[in-house]
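> One structure, pasted below without further comment.
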2 protein chains.
Amino acid sequence: MKRVAIIGAGQTKFDEHWEKSLRDLSTEAGALALADAKITSKQVDALYIGNMSAGRFVGQEHLGAMAMDNAGLNPKPAVRCEAACASSALAFRQGYMSILSGEHDIVMVGGAEKMTDLKGTGAIATLMGAGDQEWESSIGNTFVGLYALIARAHMKEFGTTREQMAMVSVNNHKNGSLNPLAQFPCEITVEDVLNSTLIADPLRLLDCSPITDGGAALILASEEAAKKLDNPIWVLGTGQASDTLALHDRKSHIEMIATKVAAKKAYEQAGLTSEKIDIAEVHDCFSINEILAIEDLGFCKKGDGGKFVEQGKIARDGEKPINTTGGLKSIGHPVGATGVRQIVDITKQLRGQCGKLQMKGIKNGLALNVGGSGATAVVNILGVD
Amino acid sequence: MKRVAIIGAGQTKFDEHWEKSLRDLSTEAGALALADAKITSKQVDALYIGNMSAGRFVGQEHLGAMAMDNAGLNPKPAVRCEAACASSALAFRQGYMSILSGEHDIVMVGGAEKMTDLKGTGAIATLMGAGDQEWESSIGNTFVGLYALIARAHMKEFGTTREQMAMVSVNNHKNGSLNPLAQFPCEITVEDVLNSTLIADPLRLLDCSPITDGGAALILASEEAAKKLDNPIWVLGTGQASDTLALHDRKSHIEMIATKVAAKKAYEQAGLTSEKIDIAEVHDCFSINEILAIEDLGFCKKGDGGKFVEQGKIARDGEKPINTTGGLKSIGHPVGATGVRQIVDITKQLRGQCGKLQMKGIKNGLALNVGGSGATAVVNILGVD
């Protein structure tokens, strides 16, 4: 089978960017990825951009054409992919497949979101576009509300504790405190989380990833094109799966079936089992979701995720280092950019470019990007030769 | 090279569907395509859906997961593609590439848009998301305003007349009057167009495609899978290209470079020239755009498009029958569905299923789907063996 490599990676600082537009952020990320790959835009055959809701955030659709403009890629084809918070992992998969299809040789894959332009609760309402409009958002549900229901179910079924969830945030902030591109590069304590404002019982402010502006981009290349360049990181496996849009329609609220199915496919394609994964970036939009991810990716038995966190196994020096650069919680969560940002960070870890956060002796990394309350899950596994 | 076939096609009535939701429309279209292909949803490996702006039209993003829900396709992967009014031709291309990549064998490709739920000028403002938010919509421009500028430039440069533009609408309504799925199945006269309300000089109401609700869907299959089924229609060639998002940034206002580039690629891949195309569905969002399309697809010399129409060459009994089932003008233009609807109609023409509108002796057909004022163009060419 043909292979696809990552030959360039870049990320803007994730932040509240009052002086940068969506276009600025996507252009900056793309330019960083091109510079990193040491190629020019002329060598790029197509662009894939993930974005969730620029139509509502900033009044802009047609994101592919927007991103092409300043990137100097016209008249090449541009595609925007959307699956809520999993939009850019989806863009990554489409770019990957377009290379395997023989249609393209070198592809830019990015994600960008500008969320802070909406006032008041505008961003919260916009994010509910990821849920079921007819059955969830129309009755006033919010995403933290949906994940609070998942947290309650997990606590009831497995005895997962409030403190264990807090430890997810503590771990990710500890890592993120050393990440110069993170929105909140500060350490927090379990007590900080437990004393933070209650948002949707049992979830508190410091269980929640923030609202963020940012962009991230990658350059993908066919095996042939990658061979001419330095340090390719290989796509070892990729999987995507879906579940019902509305939470209440799911078979189970204590697991994400889409994650399991996507992971199974990615593991099979990579020829790896969960035990063999060196590091993972998982989708900690809310702390409980990292606990579900740990279980559903097979890093521990279903129900043991809380204990796994409590035992320090997700720490950088633990058994299965997770969100080694800060996760969505500390780095920030510009929804359409997160999936590619996760892959950028794994790429940098595999190349040994993570400075104080550098993990030693790793050969592969897994990224899990989740859309909505679990209706979409994308798993990508990267590695070095 | 491997080939991809269309083995199923379906379309809802295009209309103001007050009693059907976006979900209803996408489900109905998907069910029609499945029934047409005589397969069950279990045989489908993935779903690609084109949609421009459901976030703003109905408060729903995460369209892939939404469409999976009722289609019974979970846990398979779902992707929403967006490029304004070219969204579903883009979804078609991504589904096509996913089969060529070897990732999928049978794919559902659809498009849906529910536009009539917004009150007042809401739909007009939402559609401007396809333009440049920073430089066009923010100063109050509208799409009919942008196309009026294109029309003025074309009239000045080539002497294209008001009457010639009207004849585009007359032709398309004549065809659409016999299409049971059209929103406005009625004939109109040149006089009707010239006397209709002025919207943006020189364009009048009857130069403009309407605001519409609707869905359309296709089933694509690999050559191997298609061989087991009846009547496959083959994808002979496909091309996509981009231009600047904003109209004022273009090198030319009298042609669409993206259309030319996309068409060149599709012709080359199909091994055909423009002379060899039997019928075409082109993007008549505004009458002037059909004239540009006729020229940019190479059906006549640049500047002669108005005369080409006046001479009756686009009629069903003309030299190059265009929009033989009614075009966007008469059938309606649910923006995210139009690209797939065009391909559905060419499929039906090639199969001989078009009833009173059936074209005789045709072997191929071309579909041109345009996003925004020309920032995205997608050309697909279909044919029989």
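Laboratory data are not the source of any read-out in this text; all were calculated from the coordinates shown. Please read these numbers as outputs of a predicted model, since none were measured by experiment. Glycine gets a Cβ as well: all are built from the backbone with ideal geometry, and neighbour counts include every protein chain shown.
> Quick check on region A:208-311: what does the Kirkwood estimate of hydrodynamic radius come out to from the alpha carbon pairs, in Å? It would help to have the intermediate numbers written out before the result.
Values: mean 1/r = 0.0622 Å⁻¹.
Radius from the Kirkwood sum: 16.1 Å.
> Under 17 Å Cα to Cα from A:LYS228, which aspartates and glutamates show up? Leave out anything in the same chain fewer than 8 places away.
The qualifying aspartates and glutamates are A:ASP36, A:ASP45, A:ASP105, A:ASP385.
> Given the Cα-Cα distance of B:LYS301 and B:LYS228 and 0.36 nm per residue of separation, how much length would full extension add, in nm?
Details: separation 73, 0.36 × 73 = 26.28 nm, distance 4.28 nm.
Between B:LYS301 and B:LYS228, full extension yields an extra 22.0 nm.
> For the protein assembly as shown, take the alpha-carbon Rg, divide it by the Kirkwood Rh, and send me Rg/Rh. Before the final figure, lay out the partial values.
On the way: Rg = 25.2 Å, Rh = 25.7 Å.
For the protein assembly as shown, the value is 0.98.
> Another one. Antiparallel as a % of all DSSP beta bridges within region B:243-385, to the nearest 5? Display every interim value, and only then the final one.
Working: 8 of 12 bridges.
Around 65 percent antiparallel, to the nearest 5.
> Can you show me the helix-derived [θ] at 222 nm for chain A, built from DSSP H runs with n ≥ 4 at -39,500 (n - 2.57) apiece and divided by the number of residues, rounded to the nearest 500. If you can, show how the numbers build up before the last one.
Numbers: 14 runs with 141 residues, N = 385.
Mean residue ellipticity, 222 nm, calculated: -11000 deg cm²/dmol.
> Using the 7 Å Cα-to-Cβ label point, sort the distances from B:GLU275 to its equivalents in the other copies shortest first and give them in nm to one decimal.
Its label point is 6.9 nm from the equivalent points in the other copies.
> Still on this structure, I have one more. In Å and whole numbers, how far do the C-alpha atoms of region A:1-93 stretch along each principal axis, longest first?
Its Cα atoms span 39, 27, 26 Å along the three principal axes.
> What nm distance separates the two modelled labels at A:GLU268 and A:LYS38, each placed 7 Å from Cα along Cα→Cβ?
3.9 nm
> With the convex hull built on the Cα atoms of region B:26-69, state its orientation-averaged projected area in nm². Working shown, then result.
Details: hull surface 13.1 nm².
Result: 3.3 nm².
> Return the equivalent ellipsoid semi-axes of region B:71-123 as a descending list in whole Å, where each equals the square root of 5 times an eigenvalue of the C-alpha gyration tensor. Before the final figure, lay out the partial values.
Numbers: eigenvalues 155, 38, 9 Å².
Working from the Cα gyration tensor, I get semi-axes of 28, 14, 7 Å.
> Defining a contact as two alpha carbons under 8 Å apart and six or more residues distant in sequence, what relative contact order in percent does chain A show?
On the way: 962 pairs, mean separation 99.8, N = 385.
Reported relative contact order: 26 percent.
> Pull up the cross-link candidates among the aspartates and glutamates for A:LYS38, meaning alpha carbon to alpha carbon under 14 Å and not fewer than 8 places away within one chain.
A:ASP230
> Compute the angle between helix B:22-37 and the longest alpha-carbon principal axis of chain B, please, reported from 0 to 90 degrees and rounded to the nearest 10.
Approximately 60 degrees, to the nearest 10.
> How big is the Kirkwood radius of region B:32-178, worked out from every pair of different alpha carbons and given in Å to one decimal? Intermediate values should be presented prior to the final figure.
Working: mean 1/r = 0.0554 Å⁻¹.
The Cα-based Kirkwood calculation yields 18.1 Å.
> To the nearest whole number, what is the average tally of beta carbon atoms from other chains within 10 Å of the beta carbons of peptide B:237-244?
Details: counts 0, 1, 1, 8, 6, 15, 5, 7.
For peptide B:237-244, the averaged partner shielding equals 5.
> Also, I was wondering about something else. So how tilted is helix B:143-158 from the main axis of chain B? Cα-based, degrees 0 to 90, rounded to 10.
So the inclination is approximately 60 degrees.
> Right, here's the next one. A:LYS114: which lysines have alpha carbons under 19 Å from its alpha carbon, excluding same-chain residues fewer than 8 sequence positions away?
A:LYS13, A:LYS20, A:LYS329
> Let me ask you something else. By how many degrees, between 0 and 90 and to the nearest 10, does the Cα long axis of helix A:257-270 differ from the longest principal axis of chain A?
40 degrees
> Distances over 18 Å make up what percent of all Cα-Cα pairs in region B:139-233? Write out the running numbers ahead of the final one.
Values: 2696 of 4465 pairs.
For region B:139-233, the share of Cα pairs beyond 18 Å comes to 60 percent.
> Could I ask something else about it? Across all directions of projection, what mean area in square nanometres is found for the Cα convex hull of chain A?
Values: hull surface 66.7 nm².
One quarter of the hull surface, i.e. the mean projection, equals 16.7 nm².
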